[in-house]
Amino acid sequence: MSDDLKKLIIDYVKKEYLDDDSEEIDESTQLISSGIVDSFSMVALKTFLEKKFQISIPDEKATTEAFDSVNNMINLLKEFNVA
Amino acid sequence: MGNIGSYEEKYKNFEWQLSVKELEYGKDGMYNLAYYCSERICEKGMADKTALIWEGFQGNKKKYTYNDIRLYSNAIAQFLLDNGIKPEERICLFMDRIPELYISFLGVLKMGGIVQPLFSAFGEEALFTRLEDASTCAIFTTMKHIRKVRKILHKLPDLKYIFVVDAGNKKLEKFEISFNMEKAQLNEKFDIYKAGPEFPSVLHYTSGTTGKPKGAMHVHSSLIAQHITAKWALDLTTDDIYWCTADPGWVTGTSYGIIGPWASGVTQVVLDSGFNTDKWYSFIERHKVTIWYTAPTAIRLLMKEGAGPVKAHDMSCLRHLISVGEPLNAEAVIWSQEVFKKPFHDSYWQTETGAIVITNFPGMTVKPGSMGTPFPGITAVVVDPKKFEPIETAGTVGLIALKPGWPSMFRTYWNNKKLYDEKFKNGWYICGDRASIDNEGYFWFMGRDDDVINTAGHLVGPFEIESALLEHPAVAESAAVGKPDPVNMEVVKAFIALKPGHEPNADLELDIMNFIRKKLSPLAMPQAIEFVSSLPKTRSGKIMRRMLRAKEWGEEIGDTSTLEND
C-alpha cells in the first residue's frame, strides 16, 4: 500500500508541478522548502489528497512541514488510516 | 532612536533635496540609478564589502562584494549591447531569487534598458499578457522556467532574445542564447548609459479590477525616495545585515530588495527557498540579520508555529522589524513584541508609489494595527469618495490620497495614459484603499475600494482570473472574489457556472484549480470553488461581484435594485 501511495503522489507531483520532464523526485525530495510546490499550491495538493482519499485535513494539520515531502504526506495520511 | 531622529522635526522641515545631497545625485551628469547601487559604493571605499550573500534551498551559498556586482553588472550590460539591444527596450527578468536576478537588474539599467521583473511562478498566460503588453524584446530566464517561454514565443513577435543563465551544455532552441554570468567577459570600465532623472527604469506590472494587468512605469530618479526611505523607514546603516524576503518579481523586491540596500552600501542576504519556519530562523541566526523586512502572511505563518521555534534560535541579532504588503494585524505586532522583544513596524505603499509613503517609524510608538504616519515629504490624507476633498474629522473613513510629486511616483501606465490619468482626482493621487486617520495622525487601514484581491500581499485582478477560467472547457461563466483567510488575509474564491454536459464534482474542482495555477500563478489559483447554476447580474448583464464578496465576508449585501433576478 505504502509503495503504491508513494508512486501515486510522486506521479501527481511530477505531472502537476514539474515543468521539466527530466527532473526527478523521490519520496524524500523537499517540495516546499525547494520551491517545487509553493505554499499557495499546497492547497491544490491538499485538495488532491482529500478528494483521492475522501478525507478532510484540518487547517492545523495542513502545515508546510506536513507537505514538504512525499514521506511527510504519507505520515500525515497515516493519521487518517489511509497509508 | 533610529536614523530619522525626531519624526516631527524631519516632517516639518523635509525637502527631497536632502536625499539628493546625500547621494550626490546628478554629480557629473550621472542619474543612472545602477551607478549609485554599485560604482558609487566602490568609489566610497566599499568595493570589498559584501553586497550579497545568497543561499539556495539546499544550503549552497554564494557571496558577492560590491566590486563583484559592479563587474558582473557591467558584463551583463555589455552582453546586451553586443546582442544589439538598445536603450529603452524592455528586458524581462524571469528567474527565481538567484544572484543573476539581482545583478542583471543593474546590468539592464546600466545599458539604458527598461527592466521588467516578473514573478517566476507566473504561468504562461500571465507571462504572455505582460510580455505582449510591454513589447518585450529580451528575457533572462533559467532552464526551470524556459518551457513557459517556449510555449508562448510564437505569439510574441517582439521577443527576439531568450538568455538562459544556467543552460550549461543543455540543448537550446531558436532565439535562445546561453549566458553564464560568472564566466562572462568582465568589463572594468563600462560606459554607463547617461539616463536623465526622468528616463524610464523599471516597469512593474500590477493588477486592477478591470482589464489586463497594467505596467507602472518608474524612472531613475525614484532612487531619491528609495534611498531616504531605506534609511529612515527601514533604518538601514552600512553596519547592517539586511534580509528582505520579497521576490524581485514584485516592487518590494526591487525598491527594497535591490535599490534601497545597495544604494546604501548595506550587506543583504537572500534565501532562495520556500517558506519553512526553522529554515527562516536558522537563516537569521546564521547570518546575524539585524534588519528584517517581511510580509504579514509570513509573520502569521510563523505565529502559527508559536514561540517554541523562536526560542530554539538566537534572535538577539535582530534590531528592527518591518512588514509590508497587506495590513499587519495588531495580534502580529503584539506577538512579535513578545517573542522577538521588538514590534514589527507596518509600512504602506504600492507598486505605483515606488517607495514607502506611510509607516511606523523606528523610535516612534507603534500603535498595533495602525499603518503609521506619512513619510516626510509625503502629503497623505483621506478624501471623501465623491468630491475627493480631504476629510478633516478624525476617525472618518475615506480614500487614501497622496499629493503628487514625490520622486518615486510612477510616471504612467505603459500604453495606458488614460488609466493613469484616472488615478488622479481633484489634484490627488487616489491609492484605491480606504482608511481613517486618528487624532494623532496615524492611518488605520479599512480595506480596498475595488474588487482587487490582496492575497498574501500580492494584488490579483479578478478579471484576469475570470478570463482564464473561461478558457477551461467546462466553465460557462465565473466570478472571482476575495475570501477571508487567517494567514493570507484573502484568498481567491471562484463562483462557477458550468456549461451543459458538465457536472460539479471533486475531480473537476481540482482540475480547475490546477488549470488556473499553471496558466496564471499559484496566487491566482482559486483556493475555494463554489459551483452555482447562475451568477447574480445587473440588468445590463454585469456580474455583481460585490454581492458575492459581501456574502463571503459576512457583510451587508447593499443595494440590489439593479439585480437582474433573485
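Each reported figure results from applying straightforward, stated rules to the coordinates on display, with no laboratory input. If you're wondering where the values come from, they're calculated on a predicted model, not measured in any experiment. Cβ sites come from the backbone with ideal geometry, for glycine too, and all protein chains shown count toward neighbours.
State the dimensionless ratio Rg/Rh of the protein assembly as shown (Rg: radius of gyration of Cα atoms; Rh: Kirkwood radius).
My calculation of the ratio gives 0.95.
Using the C-alpha gyration tensor of chain A, what are the square roots of 5 times its eigenvalues, in whole angstrom, with the largest one first?
19, 14, 11
Can you give the local net charge around B:Tyr7? Use residues other than it whose beta-carbon is closer than 14 angstrom to its beta-carbon, Lys and Arg +1, Asp and Glu -1.
0
Would you mind pulling out the separation of the Cα centroids of segment B:45-71 and segment B:352-427, in Å?
Distance between centres, Cα-based: 36 Å.
Which value, in Å³ per residue, describes the convex hull spanned by the Cα atoms of segment B:389-530?
Taking only Cα atoms, segment B:389-530 has a hull volume of 154 Å³ per residue.
For chain B, just list the percent of Cα-Cα distances falling in each 10 Å bin from zero outward, please.
3, 17, 28, 28, 17, 5, 1, 0
Compute the separation of the alpha-carbon centres of segment B:186-215 and segment B:519-540 and state it in Å as a whole number.
After rounding, the separation between the Cα centres reads 33 Å.
Per DSSP helix of 4 or more residues, -39500 (n - 2.57); summed, then divided by the residues of chain B. What does that give at 222 nm, rounded to the nearest 500?
-7500 deg cm²/dmol
Would you please report the Å³ per residue occupied by the convex hull of the alpha carbon atoms in segment B:156-233?
That works out to 220 Å³ per residue.
For a label point 7 angstrom out from the Cα of A:Asp3 toward its Cβ, which stretches of segment A:56-83 have the backbone nitrogen within less than 20 Å?
Of the residues in segment A:56-83, A:70-75, A:78, A:82-83 have backbone N under 20 Å from the label point off A:Asp3.
If you average the C-alpha positions of segment A:30-83 and of segment B:278-323 separately, how far apart do those two centres end up, in angstrom?
24
Angle, helix A:2-17 long axis vs. longest principal axis of chain A, Cα atoms, 0 to 90°, nearest 10?
50
Select from segment B:449-542 those chymotrypsin sites (Phe, Trp or Tyr not before Pro) which occupy a DSSP coil region and have at most 10 other Cβ atoms within 10 Å, ordered by residue number.
none
For segment A:2-78, build the charge dipole from Cβ charges (+1 Lys, Arg; -1 Asp, Glu) around the Cα centre, then report which of A:Met73, A:Val43, A:Pro58 sits farthest towards its positive end.
Going by the Cα projections, it comes out as A:Pro58.
Can you flag which of B:Lys155/B:Lys417; A:Lys7/A:Lys52; A:Lys61/B:Lys279; B:Lys212/B:Lys518 are past 21 Å Cα-Cα?
Result: B:Lys155/B:Lys417 exceed 21 Å.
Please give every one of the aspartates and glutamates within straight-line cross-link reach of B:Lys519, meaning a C-alpha to C-alpha distance under 14 Å, and leave out same-chain neighbours fewer than 8 residues apart.
A:Glu16, A:Asp19, B:Glu124, B:Glu125, B:Glu464, B:Glu466, B:Glu471, B:Asp511
For the cross-link pairs A:Lys46/B:Lys493; A:Lys15/B:Lys160; B:Lys27/B:Lys403; B:Lys49/B:Lys342, which exceed 19 Å when the distance is taken from alpha carbon to alpha carbon?
With Cα atoms farther than 19 Å apart: A:Lys15/B:Lys160; B:Lys27/B:Lys403; B:Lys49/B:Lys342.
Which pairs, out of B:Lys144/B:Lys183; B:Lys367/B:Lys483; B:Lys214/B:Lys387, put more than 23 Å between their alpha-carbon atoms?
B:Lys367/B:Lys483; B:Lys214/B:Lys387
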